[in-house]
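The values are calculated or read from the model by the stated rules, or taken from the named source; none is laboratory data. As the structure is a computational prediction, the values presented were derived from the model and not from experiment. As a convention, Cβ positions derive from the backbone with ideal geometry for all residues, glycine included, and neighbour counts pool all protein chains shown. Each accessible area value is taken on the protein alone, full model and side chains, heavy atoms only, with ligands, DNA and RNA left out. Shrake-Rupley method; radii C 1.70, N 1.55, O 1.52, S 1.80 Å.
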Amino acid sequence: MSPLDEIRSLLPLVEDEGAESTWDSLRRRVTVLNSALWEGRVSWPLVERWLENFDGRSGHASDVERLHALYLLAQFLYYGSTEIRVLLRAQYRDLFLIPLIQEVRKASGNTRNLDVIRARLSEELNRTRFLGVGNPSESGVHLLYFFRQENGLTKSIFLDNAEITERSVGPGGVVSRQLQDTSIRRYIFLDDVCGSGDTALKYSKNILHDIRALDPDIEFSYFSIFGTAAGMTNVRTNTLFNAQSAALIELDPSYRCLSNDSRYLRVVPEHVSEATVRDVALHYGSLLAPGHAGGFEDSQMLFGFHHNTPDNTLPIIWREVSNGSPIPWTPIFRRYPKI
């Protein structure tokens, strides 16, 4: 079967050469992305199974839906294991180490003496602990291992949140909690993505307040690899994380892929319509994740990682029955559910 016949068999309602040309161009793009960037995870047979999900339920012909779904897939941003490791080095350097060096220099009279800076920096690092956001099975914690490896850090400066405090029995058998190590002055919480900021808010609601009650001078920072501007503002405004909390890569509103300002819809190929892209993604999204058709909190993200796909990404990309879809659906990039 020729490539043209394959296109006709998959999209039997596409009859003009222009649409076939657009389809063929998108197919080539997806094939190249899979080979060069997606770590070979998205074979064309998998793409075909994913496209079969789009069967005309949005009110558009199935071939039109599939063309527009393929266009969205061709815009998907994927960060493989190599890229994630590079980003973890940058996260440590740019968000933590450089600001700490500046702080150390300022506290030492803006010294340029490297020996003094190194000594003070070592002291401050020993008074710092890194933690992941979430429980040990979640992605923020999962990345700590690679964060430590890539930055040549000792495991002694990493903690699970259960190790921050310890049980103490006082006079009369009164039980209380106290800090295990009162020399620690800052706790750095690491995450892979901050979409709405909701995860950081929920996670920090109790633990940060409990620590602050034991020592009001302790500093808390939240560093994410990726974060939306709105999500990071939410974290800085509504938690005890300090104002220096940041995302290594802050995503402006143009990364909301279905919005009026979407960078993905500024220029689209022939036979691809902005309105149809939105119709298809949101119609099927509403079937897959009622109330979150555009991803969690309507984040409308279109990216994923080697280790997982965020729920901020469009559900047509990752949703399936095993992680809550109310309808059968074959995902193109999986999201591993929190069971």
* (i) 80, 52, 33; (ii) 60, 39, 35; (iii) 69, 60, 37, with the label sought being that of the calculated Cα extents along the principal axes in Å -> (i)
* **Cα-centred dipole magnitude for the chain, charges only on beta-carbon of K, R (+1) and D, E (-1), debye, nearest 20** => 1420 debye
* Accessible area expressed per residue, region 126-251, with surrounding protein chains retained (probe 1.4 Å, Å²) -> 47 Å²
* Taking amide hydrogens as modeled 1.01 Å from N in the peptide plane, which residues meet the under 5 Å criterion relative to PHE54, leaving out close sequence neighbours? -> none
* Structure fact -> The helix 274-288 Cα axis meets the longest alpha-carbon principal axis of the chain at an angle in degrees, between 0 and 90 and rounded to 10, of 70 degrees
* Taking the Cα centre of each part, how many Å lie between region 173-220 and region 261-339? -> 33 Å
* From the backbone phi of region 291-301, what are the Karplus-calculated ³J(HN,Hα) couplings (6.51 cos²θ - 1.76 cosθ + 1.60, θ = phi - 60°) in whole Hz, Gly and Pro given as x? -> x, 9, 4, x, x, 3, 6, 6, 5, 6, 7
* For the chain, what does -39500 (n - 2.57) per DSSP helix run (n ≥ 4), summed and divided by total residues, give at 222 nm, in deg cm²/dmol to the nearest 500? -> -13000 deg cm²/dmol
* Asked: Out of the DSSP beta bridges found with both residues in the chain, what percent are antiparallel (nearest 5)?
  -> 20 percent
* Would you mind getting me the FRET efficiency between ASP217 and HIS307? Use the beta-carbon distance for r and R0 = 30 Å, nearest 0.05. => 0.30
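When the accessible area of region 126-251 is computed with all protein chains present and a 1.4 Å probe, what percentage of it is carbon and sulfur? Present the calculation step by step, with values, prior to reporting the outcome.
On the way: 2880 of 5940 Å².
Using a 1.4 Å probe with all protein chains present, region 126-251 comes out at 48 percent carbon and sulfur.
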* **Share of carbon and sulfur in the accessible heavy-atom surface of region 263-323 [1.4 Å probe, %]** => 51 percent
* Asked: Among GLY59, GLY291, VAL47, whose Cα sits farthest toward the positive end of the charge dipole of the chain (+1 at Cβ of Lys/Arg, -1 at Cβ of Asp/Glu, about the Cα centre)?
  -> GLY291
* **0 to 90° range, to nearest 10: angle between helix 62-74 axis and the chain longest Cα axis** => 40 degrees
* To do: Give the total of Lys-Lys pairs in the chain with Cα-Cα distances below 27 Å; include a pair only if its members are 8 or more places apart or on different chains.
  => 5
* Structure fact -> The set of residues whose placed amide H lies less than 5 Å from the amide H of CYS194, leaving out same-chain residues fewer than 5 positions away, is PHE226, GLY227, THR228
* Structure fact -> Protection proxy (average C-beta count within 10 Å per residue), highest first, orders 104-117, 60-73, 284-297, 322-335 as 60-73, 284-297, 322-335, 104-117
* To do: Treat each spin label as a single point 7 Å out from the Cα along the C-beta direction, and report the ASN238 to ILE157 distance in nm.
  => 3.2 nm
* Enumerate the amide H contacts of PHE130 below 5 Å, restricted to partners 5 or more residues apart or on another chain; note that Pro and chain-start residues carry no placed amide H. => PHE158, LEU159, ILE188
